[in-house]
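Step one of this worksheet: look at the structure below.
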Amino acid sequence: MNVLLFLIPMALFLSLMGLIAFFWALKSGQFDDLQGAAERILYTDDHPEHSDPVNNTDDKP
Amino acid sequence: MAALDASLSGSPPSVGKTGPKLDLATAVETDADGLHTLNLLIGNVHCGGCVRKIEDRLAADPTVENARLNLSTRRLKLQWKGSADAANRLAGTIEDLGYPVALYRMEAVLERDKKTDRDLIMALAVSFFGAANVMMLAWAVWAGHFATMGQGTRDFFHWIAALIAVPCVYYSGQPFFLSAIAALRKGQTNMDVPISVGVTLTTLMSLYETWTGGPHVYFDGALTLLFILLIGRYLDHKVRGTARSAVHDLAMLAGQPVQKLLDDGTLQSVPPDSLASGDRIHVAAGERIGVDGIIRDGTSSIDTALIDGETTPKDVANGSSVLAGTMNLTGPVIVEAKSVGEATVLAEIVRLLEAAEQKKGRYMAFADKVVRWYTPTVHALSLGAFLGWWLFGGLTVPEALMIGVCVLIITCPCALGLAVPITQVVAAGKLSRHSVLVKSETALERLAAIDTIVFDKTGTLTTLEPELVSVPDDPDALSLASSIAASSKHPLAQAIRAAASDVPRAKDVEDTPGMGLTWTDEDGGEVRLGSARWCGIDETANDQSNTTQNALETEVWLTRPGQAPARFAFAPQLRPRTAQVIDTLREKGFDIAIMSGDRARFVEPLAKTLGISDWQGDMTPADKIAAIESLKEAGKHVLMVGDGLNDTPALAAAHASLAPTSAVDISRRASDAVFQGSTLESLPHLLTTARDARSIAIQNIVFSVGYNFVWVPVAVLGLVTPWIAAIAMASSSLIVTFNALRLDGTRTFARIATRRKTLDPLQKAEATA
């Protein structure tokens, strides 16, 4: 049964990571435009400016 | 009077392409690095291709740092360096691609909506995290009951579950706890009270069991319950939020900038809400007046249909007061802005509106009525079970208390909490495909009770745009008029153009503001198209030749050298297929009436055409309220359909209300639902769906209450274990959800949540502008 002491924290840790990742995605605006995201994947990538991350607010050099 | 001065000059308000352009440079935000940011609303964006086209065009501009168009909200965030004045040029490039552009302004209400949205989804995520992890441990424990789990391991699992569940319940239960506390403070009870009591008691009792090493721990039940309820609540909130922001977007797109007259005599385009009292604006012929105020210079006649329902224009001159939303028809005027309080008509409307809203009071949702007796009943049952087992059953206080709490857990209104919201989500999704946006929470329930429908006339049964009803016999006259009219954006010119659009556009047409158009033909003869005065027609003689049946009509004349003048007549038209819609409604048993602010002689022919015997004209806003109140006293449930400012108090007074998207802003705000499109055809759909939704909501409520009471004896007998509670709760929620989906036939759930085509406000804005 000692394996539980390892497995349970592991399971909790992983799902907590999932939760944190979700919160991060939510805060960084990944869910702001679900329809747009679905369409953007179809763009051919010859326009590098389109491949920027979703929250494209930081200044470019 | 029929010889209205119909100038063919000036331009009507419409989105994007014509009318005064807002000087976007005033709305640009600039940060410390010189990066300019502008938020725009783009119309007619339907797919990724549009997004791509717009973004690529903007990215091709060397100064643009970032252009990102959100396909769901149709908002474009545009950032560039250099001059702030580039705003207008950049917006122009988008318009050149064929997409209308409007300035996006965030409203505080919508900001709050968005925040609530985010809070709910975060609570949802936390409850899911908690429910999934606790369930993992709970399954192990349940399996252990039938196998060989030792008490030590079980307690260990319970402790871990408690460590996860308590913070998760605390966090994700907030939406319910806060709402329950707010209701209790006001001395009311709502659905959130039994939910909060149930969840809190379940958690506390499970903590006690964990502490004492008992077998019955319900953390999983509490969290699953929260998870399921939060899904319902989130969808419910989302659907109404989408409707609200769509209505808001419409208002923004319809909102035309005004031409502010600066001290040096130049004009600046500014949003109407930036004007202060005393500012002067210039309104060209054919433009809508953007502010309430007093005419300081110029004479004109104005069309007040949107304000009081009158189809006959009023003459105004220096010193006349005018209201925002009226259309300046004939000549340019200078209007001095006055604050709303000073404009007596509007102040009166607002007073009536507030009185009507107060009188109506808060409608009590059906589910809340159920909860009113449900909550005390189950709490009494729980107390009864506790006292019964303790006093007569011979159990100790903790044991009896446990059974009492079990009754509360099993009767926790999980399905009941979902029964109505889930139905509303499905119904609102279905309605949005029929171009109806439902704004109010209880609108569907109230619509389901409707038995009488009252229509406003102008702008509701009829369209606001004039239509060409009489053309000269000479076909050349029409094609000539159309080729000249192509140069003007005046509504009457566009109506002529629409009647013969295949004619090439005439070149070098001269536009005389307030009067009409002139064109010189190949032989040097002067052709004039415009008002009777402009064309030199004797108005008095003409008035006699027109009988009163044509009193509704507005005229435009065409004069050519050597030929008799040709007359074009315009009249407001019924919305397409209105007669069929009225017939359908009558067949379904609704009483139909017309209440118009327009003169009775204009209302009568229309009422006859539609076969409506119950009509009234010349009604003031107060008359309309009085008429609705008397219908209410006769036991009727009235649906008011109207668009004008004068309908607004009646919209608020009626049991339920509906406005077209072309309505004035205050009417859209006062109404429960807004319909898009040029016809009234969505109205029967709305009423049918509302009734279907009500019957499904009632089925759901009856089922979930009944279901809970079936489990009560089991709980009272003390036979409930955690896994029975988990199955009981989840299954009833599922059944309720599937029942609600029946409303929408075979559509999938995902489709309901993402309604995109029908929610495009710009499609409609273009059509109505």
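For this structure, a couple of remarks:
- Residues considered: B:Trp139, B:Trp159. Of these, the only one that is under 26 Å from A:Ser15 (Cα atoms), free of Cβ contacts under 8 Å to residues at least 24 places away in the same chain and of a type in the set (A, V, I, L, M, F, W, C) is B:Trp139.
- When B:Glu441, B:Glu445, B:Glu467 are checked against the criterion of being in contact (Cβ under 8 Å) with a residue 12 or more places away in the chain, surrounded by 21 or more Cβ atoms within 10 Å (Cβ to Cβ) and of a type in the set (D, E, K, R), a single residue qualifies: B:Glu445.
- When segment B:262-281 is limited to residues that are in contact with an Asp or Glu (Cβ under 9 Å, 6 or more places away or on another chain) and closer than 20 Å to B:Asn88 by Cβ, the one that is surrounded by the fewest Cβ atoms within 10 Å (Cβ to Cβ) turns out to be B:Gln268.
- Residue list for segment B:74-127, restricted to those being among the basic types (Lys, Arg) and within 21 Å of B:Ala243 (Cβ to Cβ): B:Arg74, B:Arg75, B:Arg105, B:Arg112, B:Lys114, B:Lys115, B:Arg118
- Any chance B:Ala87 is in contact (Cβ under 8 Å) with a residue 60 or more places away in the chain and out of contact with any Ser or Thr (no Cβ under 8 Å at 6 or more places or on another chain): yes
- Test for B:Gln424: is it buried (at least 23 other Cβ atoms within 10 Å of the Cβ) and over 30 Å from B:Thr721 (Cα atoms): yes
- Wholly enclosed strands (runs of 3 or more DSSP E) of segment B:281-347 bearing at least 3 residues modelled with pLDDT of 80 or more and closer than 20 Å to B:Gly265 by Cβ: B:293-297, B:333-337
- In segment B:133-143, residue nearest to B:Pro175 (Cα to Cα) [restricted to those that are surrounded by fewer than 20 Cβ atoms within 10 Å (Cβ to Cβ) and within 12 Å of chain A (Cβ to nearest Cβ)]: B:Met135
- Screening B:Cys406, B:Cys412 for residues that are in contact with a helix residue (DSSP H, G or I) (Cβ under 8 Å, 6 or more places away or on another chain), under 27 Å from B:Ile727 (Cβ atoms), touching a residue at least 40 places away in the same chain (Cβ under 8 Å) and in a loop (DSSP other than H, G, I, E, B) leaves exactly one candidate, B:Cys412.
- Residue in segment A:9-45 that is surrounded by the fewest Cβ atoms within 10 Å (Cβ to Cβ), counting only those that are facing another protein chain (nearest Cβ under 9 Å) and charged (D, E, K, R): A:Lys27
- The strands (runs of 3 or more DSSP E) found entirely in segment B:542-636 that carry 2 or more residues being closer than 30 Å to B:Thr520 by Cα and either at pLDDT 80 or above or out of contact with any Leu (no Cβ under 9 Å at 6 or more places or on another chain) (or both) are B:554-559, B:566-574.
- Test set (1) among the charged types (D, E, K, R); (2) more than 12 Å from B:Ala740 (Cβ to Cβ); (3) part of a helix (DSSP H, G or I) - B:Lys430 fails condition number: (2)
- Here B:Thr148 meets the list (1) farther than 30 Å from A:Leu19 by Cβ; (2) β-branched (Val, Ile, Thr); (3) within 13 Å of chain A (Cβ to nearest Cβ); (4) buried (at least 22 other Cβ atoms within 10 Å of the Cβ) almost entirely, failing just condition (4).
- Of note, B:Asp119 satisfies the criterion of being charged (D, E, K, R) and at pLDDT 90 or above.
- Test for B:Ile696: is it in contact with a Ser or Thr (Cβ under 9 Å, 6 or more places away or on another chain) and more than 30 Å from B:Phe386 (Cα to Cα): yes
- Segment B:289-300, subset crowded, with 21+ Cβ neighbours inside 10 Å and touching a residue at least 40 places away in the same chain (Cβ under 8 Å), residue nearest to B:Thr458 (Cα to Cα): B:Ile289
- Residue within segment B:703-724 that is out of contact with any helix residue (DSSP H, G or I) (no Cβ under 6 Å at 6 or more places or on another chain), modelled with pLDDT of 90 or more and in a helix (DSSP H, G or I) present: yes
- When segment B:561-581 is limited to residues that are hydrophobic (A, V, I, L, M, F, W, C) and free of Cβ contacts under 8 Å to residues at least 60 places away in the same chain, the one that is surrounded by the most Cβ atoms within 10 Å (Cβ to Cβ) turns out to be B:Ala579.
- When the residues of segment B:151-171 are filtered to those that are of a type in the set (A, V, I, L, M) and within 18 Å of B:Ala125 (Cβ to Cβ), the one that is nearest to the other protein chains (Cβ to nearest Cβ) is B:Ile164.
The values are calculated or read from the model by the stated rules, or taken from the named source; none is laboratory data. This is a predicted model, so every value here is computed, not measured. We place every Cβ from the backbone using ideal geometry, glycine too, and count neighbours over all the protein chains shown.
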